[in-house]
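K.L.:
I'd like to ask some things about the structure below.
The values are calculated or read from the model by the stated rules, or taken from the named source; none is laboratory data. What you are looking at is a predicted structure, and each value in this text was computed from that prediction instead of being measured. Don't worry about glycine lacking a Cβ; one is built from the backbone with ideal geometry, like all the others, and counts go over all protein chains shown. Accessible surface areas use protein heavy atoms only, side chains included; no ligands, DNA or RNA. Shrake-Rupley method; radii C 1.70, N 1.55, O 1.52, S 1.80 Å.
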Amino acid sequence: MPFASHRGQKIHYMVEGEGPLVVLQHGLFMDAESWRANGFVAALSKRFSVACVDSLGHGLSDKPADPSLYAQEQRAGDIVAVLDALGAEKAHLVGYSMGGWMAVGVARYHPERLASLTVGGWDLVNGVPKGPAGPIRFDIFWGFSQQVAPALVGWITPEMLPGVQACFEVLNVLDGAAQAVLGAGVPVLLWDGTADPYHAPSQAFAAANGLPFLSTSGDHLQAILSPQAEVVARLGEFFAEA
């Protein structure tokens, strides 16, 4: 079971297939195994070496409670540590939701390690949708998640919750995300489900900046849990073109 080590934390990853390296970074509450369950690994590993990474606080990676360990620069470094462990100079990086936020961190702090960048389920300009009183509090978000997606959060014990909360709260830190992506110097693809609140702003951002945009059916969860075959096919084409 492979692990990379970064800043004293163990980061778990799994690899399948052969060819140019593709790294898949999951969203909040998910894990590396999610990419296998939704069919991405089986499809992409026919043409690429596919590495799925467990984010800090998720899956088989370490789950520290200290919120200072979940900053974007450190999380981007976790992905780069996996590249180092694999002996890879560059990778096609796909991040979805929280993983998209992490992928932006790689564009900001380690653009030289990217062959291409795909950001799905994430608004580069506005980040997490705001409530009437401003940023959504974690306790509200956590309670809502337990009601609407109990199977998705059932693995989280009280001991793990501080790390998950830290993952959520740092998502409000954007700090020039759009500029980092546009300035990374690599091909960029944006992707959202049509019923996702992120769809309209991401599509508008892509159009304004001449970026390709992949629009698929489903809301934020459906787009990644039950992806259309065209999503994986388009990603493969994008990697090959890049």
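K.L.:
Which Cα, out of G120, V53, A37, lies furthest along the positive dipole direction of the stretch 3-236 (beta carbon charges, K/R +1, D/E -1)?
P.N.:
About the Cα centre, the residue reaching furthest to the positive side is G120.
K.L.:
Report, ordered by chain and residue number, the aspartates and glutamates lying within cross-link reach of K130, taken as a straight Cα distance under 16 Å and ignoring same-chain residues fewer than 8 apart.
P.N.:
Excluding near neighbours in sequence, the set is D139, E169, D196.
K.L.:
Shifting gears a bit: Could you name the lysines in cross-link range of K46, using Cα to Cα under 23 Å and dropping any fewer than eight places away on the same chain?
P.N.:
Qualifying lysines at Cα under 23 Å: K90.
K.L.:
Hey, what number do you get for the chain at 222 nm if only DSSP H runs of n ≥ 4 count, each worth -39500 (n - 2.57), divided across all residues, to the nearest 500?
P.N.:
-11000 deg cm²/dmol
K.L.:
Among residues other than T157 whose Cβ falls under 15 Å from its Cβ, what is the net charge (Lys/Arg +1, Asp/Glu -1)?
P.N.:
-2
K.L.:
Taking amide H atoms as placed 1.01 Å from N in the peptide plane, list the residues 5 or more away in sequence, or in a different chain, whose amide H sits under 5 Å from that of T194.
P.N.:
T216, S217, G218
K.L.:
Say each of E169 and E112 gets a label point 7 Å from the Cα, pointing the same way as Cα to Cβ; how far apart are those two points in nm?
P.N.:
3.4 nm
K.L.:
For a label point 7 Å from the Cα of W155 along Cα→C-beta, name the residues of the stretch 197-235 whose backbone N is under 20 Å from it.
P.N.:
What the label zone holds, given the 20 Å backbone N cut-off, is 220-227.
K.L.:
In the chain, what percentage of the DSSP-assigned beta bridges are antiparallel, given to the nearest 5?
P.N.:
So the antiparallel bridges in the chain amount to around 30 percent.
K.L.:
Ok, one more. Please compute the modelled spin-label separation between K130 and F144, points set 7 Å along Cα→Cβ, answer in nm with one decimal.
P.N.:
With each label point 7 Å from Cα toward Cβ, the separation is 1.5 nm.
K.L.:
Here's a follow-up. Working out 0.36 nm times the residue gap between A65 and E241, then minus their Cα-Cα distance, what length gain in nm do you get to one decimal?
P.N.:
Residue separation times 0.36 nm, minus the Cα-Cα distance, leaves 59.3 nm.
K.L.:
May I ask you to give the percent of accessible area on the chain that is carbon plus sulfur, with a probe radius of 1.4 Å?
P.N.:
Ligands and nucleic acids excluded, carbon and sulfur give 56 percent.
K.L.:
I'd like the trypsin sites (Lys or Arg not before Pro) in the stretch 1-48 restricted to DSSP loop residues with at most 14 other Cβ atoms within 10 Å, sorted by number.
P.N.:
R7, K46
K.L.:
Where in the chain lies the longest segment free of GluC sites (Glu not before Pro) that are both loop residues by DSSP (not H, G, I, E, B) and have at most 12 other Cβ atoms within 10 Å?
P.N.:
The answer is 160-242.
K.L.:
Restricting to Cα pairs below 8 Å that are 6+ residues apart, what does the relative contact order work out to for the chain? Please round to a whole percent.
P.N.:
Contact order relative to length: 19 percent.
K.L.:
Tally Lys and Arg at +1 and Asp and Glu at -1 over the other residues with C-beta under 13 Å from the C-beta of Y70: what net charge comes out?
P.N.:
So the environment of Y70 carries a net charge of -2.
K.L.:
Also, I was wondering about something else. Local charge sum around F205 (other residues, Cβ-Cβ under 13 Å, Lys/Arg +1, Asp/Glu -1)?
P.N.:
Taking every other residue near F205 into account, the sum is -2.
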